[in-house]
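Here the structure is laid out as structure tokens; the discussion comes afterwards.
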Amino acid sequence: STEAMPAKKKPQPRQQFFNAIRDDKATRSLDTVRWCLRHGGVNIRAEDDAGHTAVQIAAAGNKIEVLQVLCDHVRQGGLKEDLDVDDEEGRTALMMAASKGNVECVKILSKAGASWTAKSEEGMTARDYAVKKGSQPLIAMFDGGIDALMKEKKPDFADDEDDDAEAKRQEAKKWRMANLDANKQAERETAVYEARLKERDHIESTLGTAPPAQWSEVQAVLDTKGREISIVRETSDIDPALWYCITLNSLRIKVSSLTLARLPSSLAQLSALTSLIVNQCGLEELPQELSSLPRLRVLEATGNKLAVVPEALAACSGLEVLSLGNNNLTDADVVERLESLVTLNLDRNRITRLPLPQAERLK
């Protein structure tokens with residue numbers, strides 16, 4: 001007899017998303033990007049294995065069509081700040097595009113609202129990177145201001161008797177308001193830069209007080225200020241040094257022996273977490289300290305021994321993906337308060353009532 005070949009495992013939405021971003025010339029790659037963002041539960045701020053967002057990859061790689069799709073998605077339902085996510089060196093997508101001399105990418109990001117005044121860890125703006133690259137078109141663009149980029153001429157303030165005098169006055173008013181907004185934005189970005197310096201000092205201080213790491217993967221994060229960690233071990237306790245890895249955005253733990261009954265309150269120190277995946281660990285409860293994770297977007301805790309969904313989860317207002325399948329849950333009332341939720345998995349539980357007033361949003 002002939003054995004059947006095992007079915008090929010279908011890539012997860014996150015993997016599909018980044019494959020499409022990189023291979024932007026492939027058939028239907030743009031459709032894949034749109035589907036993953038709208039229906040696949042992929043966050044526009046998600047990072048690839050190298051710690052880069054899709055916007056950063058597209059901007060640095062001069063992937064014009066993909067970048068336009070990503071910016072359109074932000075316009076339709078995201079925040080302008082989604083375009084200004086920075087890497088470990090504090091560089092935004094606009095800075096990356098400017099450093100490569102990618103003129104069209106700079107235009108797309110600028111028109112979508114990317115900040116011109118944000119500064120990297122070196123204190124450099126996007127214009128500074130254009131100067132360093134020696135890109136005269138970009139330097140002229142930045143020096144001309146956003147109006148020049150939009151191909152708008154500075155209005156004539158002269159009071160004349162032409163038929164279009166009123167239109168010119170209105171245009172002048174718009175120009176003045178745009179400059180006022182630009183000044184306010186510059187003030188906000190200065191405050192953000194100062195806050196980033198303060199945060200960097202806090203990180204250095206925290207890492208400096210961390211106890212000696214027991215696990216090599218934890219030590220690696222402490223050494224490199226890493227943003228992601230995946231731990232697969234047979235244990236009932238977590239290396240205490242893990243909770244000092246405050247640069248983490250993504251934490252994945254798996255304990256196949258199902259001997260990790262709970263996560264400690266020290267989880268609250270990882271306030272930068274956007275993704276927490278603790279499938280198949282043996283957890284009997286989720287900690288109340290989830291309320292201290294304001295940036296959390298993804299929470300997966302399938303295959304555990306959870307009996308309740310903690311009230312603290314309601315504080316995670318930005319949570320988009322919640323997977324709690326294969327537990328012992330009898331209700332999930334807190335779910336109805338998760339206004340940003342897009343993807344929900346509660347299969348193989350004991351739930352008899354599922355209050356979902358926003359159910360049409362779920363996938």
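The values are calculated or read from the model by the stated rules, or taken from the named source; none is laboratory data. If you're wondering where the values come from, they're calculated on a predicted model, not measured in any experiment. Counting neighbours? That spans all protein chains shown, and the Cβs are built from the backbone with ideal geometry, glycine included. These accessible areas exclude ligands, DNA and RNA; they are computed on the full protein's heavy atoms, side chains included. Shrake-Rupley method; radii C 1.70, N 1.55, O 1.52, S 1.80 Å.
Lys151 - would you say it is open to solvent by 40 Å² or more (accessible area, probe 1.4 Å), under 18 Å from Gly61 (Cβ atoms), modelled with pLDDT under 95 and of a type outside the set (Val, Ile, Thr)?
no
Looking at segment 44-61, is at least one residue among the polar types (S, T, N, Q) and either surrounded by 22 or more Cβ atoms within 10 Å (Cβ to Cβ) or modelled with pLDDT under 90 (or both)? Reasoning before the result, please.
Kept after step one, since they are among the polar types (S, T, N, Q), are these residues of segment 44-61: 53, 56.
Okay, now just the ones that are also either surrounded by 22 or more Cβ atoms within 10 Å (Cβ to Cβ) or modelled with pLDDT under 90 (or both), so 53, 56.
Yes.
If I go through segment 207-265 residue by residue, how many of them are outside any loop (DSSP other than H, G, I, E, B), closer than 19 Å to Ile277 by Cβ and out of contact with any helix residue (DSSP H, G or I) (no Cβ under 7 Å at 6 or more places or on another chain)?
11
Report, by residue number, each residue of segment 208-222 that is modelled with pLDDT of 90 or more and open to solvent by 80 Å² or more (accessible area, probe 1.4 Å).
Hits for segment 208-222 are Pro212, Gln214, Ser216.
Filter segment 247-268 down to the residues that are buried (at least 19 other Cβ atoms within 10 Å of the Cβ) and either in contact with a His (Cβ under 8 Å, 6 or more places away or on another chain) or not hydroxyl-bearing (Ser, Thr, Tyr) (or both) and list them by number. Before the answer, list the steps.
Of the residues in segment 247-268, the ones buried (at least 19 other Cβ atoms within 10 Å of the Cβ) are 247-251, 253, 255, 260, 263, 267.
Selection gives Leu248, Asn249, Leu251, Ile253, Val255, Leu260, Leu263, Leu267.
Please give the helices (runs of 4 or more DSSP H) falling wholly within segment 96-150 in which 1 or more residues are of a type outside the set (Ser, Thr, Tyr) and on the phi > 0 side of the Ramachandran plot.
So the answer is 136-149.
Which of the residues that make up segment 62-79 are assigned to a helix (DSSP H, G or I), in contact with a helix residue (DSSP H, G or I) (Cβ under 7 Å, 6 or more places away or on another chain) and open to solvent by 30 Å² or more (accessible area, probe 1.4 Å)?
Ile64, Glu65, Gln68, His73, Arg75
Does Leu354 count as surrounded by fewer than 16 Cβ atoms within 10 Å (Cβ to Cβ), hydrophobic (A, V, I, L, M, F, W, C) and more than 29 Å from Ile203 (Cα to Cα)?
Against the criterion (surrounded by fewer than 16 Cβ atoms within 10 Å (Cβ to Cβ), hydrophobic (A, V, I, L, M, F, W, C) and more than 29 Å from Ile203 (Cα to Cα)), Leu354 qualifies.
Quickly run through segment 214-250 and pick out the residues that are of a type in the set (Asp, Glu) and over 16 Å from Leu263 (Cβ atoms).
Across segment 214-250, the qualifying residues are Glu217, Asp223, Glu228, Glu234.
Restricting to segment 80-92, and then to whatever is part of a helix (DSSP H, G or I) and not basic (Lys, Arg), can you tell me which residue is farthest from Glu320 (Cα to Cα)?
Asp84
Any residue at all in segment 93-115 that is at pLDDT below 90, over 24 Å from Arg227 (Cβ atoms) and among the charged types (D, E, K, R)?
Yes.
Suppose we filter Leu293, Leu324 for residues that are crowded, with 22+ Cβ neighbours inside 10 Å and under 22 Å from Trp243 (Cβ atoms); which single one remains?
Every option except Leu293 fails the conditions.
Which of the residues that make up segment 198-256 are among the aromatic types (Phe, Trp, Tyr) and under 23 Å from the mean Cα position of the chain (by Cα)? It would help to see each step written out before you state the result.
At the first step, the residues of segment 198-256 found to be among the aromatic types (Phe, Trp, Tyr) are 215, 243-244.
Answer for segment 198-256, where residues must be among the aromatic types (Phe, Trp, Tyr) and under 23 Å from the mean Cα position of the chain (by Cα): Trp243, Tyr244.
If you take the residues of segment 121-138 that are under 20 Å from Ile108 (Cβ atoms) and small (Gly, Ala, Ser), which of them is nearest to the chain's Cα centre (by Cα)?
For segment 121-138, the residue satisfying everything is Ala126.
Report yes if Leu109 is surrounded by 19 or more Cβ atoms within 10 Å (Cβ to Cβ), farther than 30 Å from Val221 by Cα and touching a Leu at 6+ places or on another chain (Cβ under 8 Å), otherwise no.
yes
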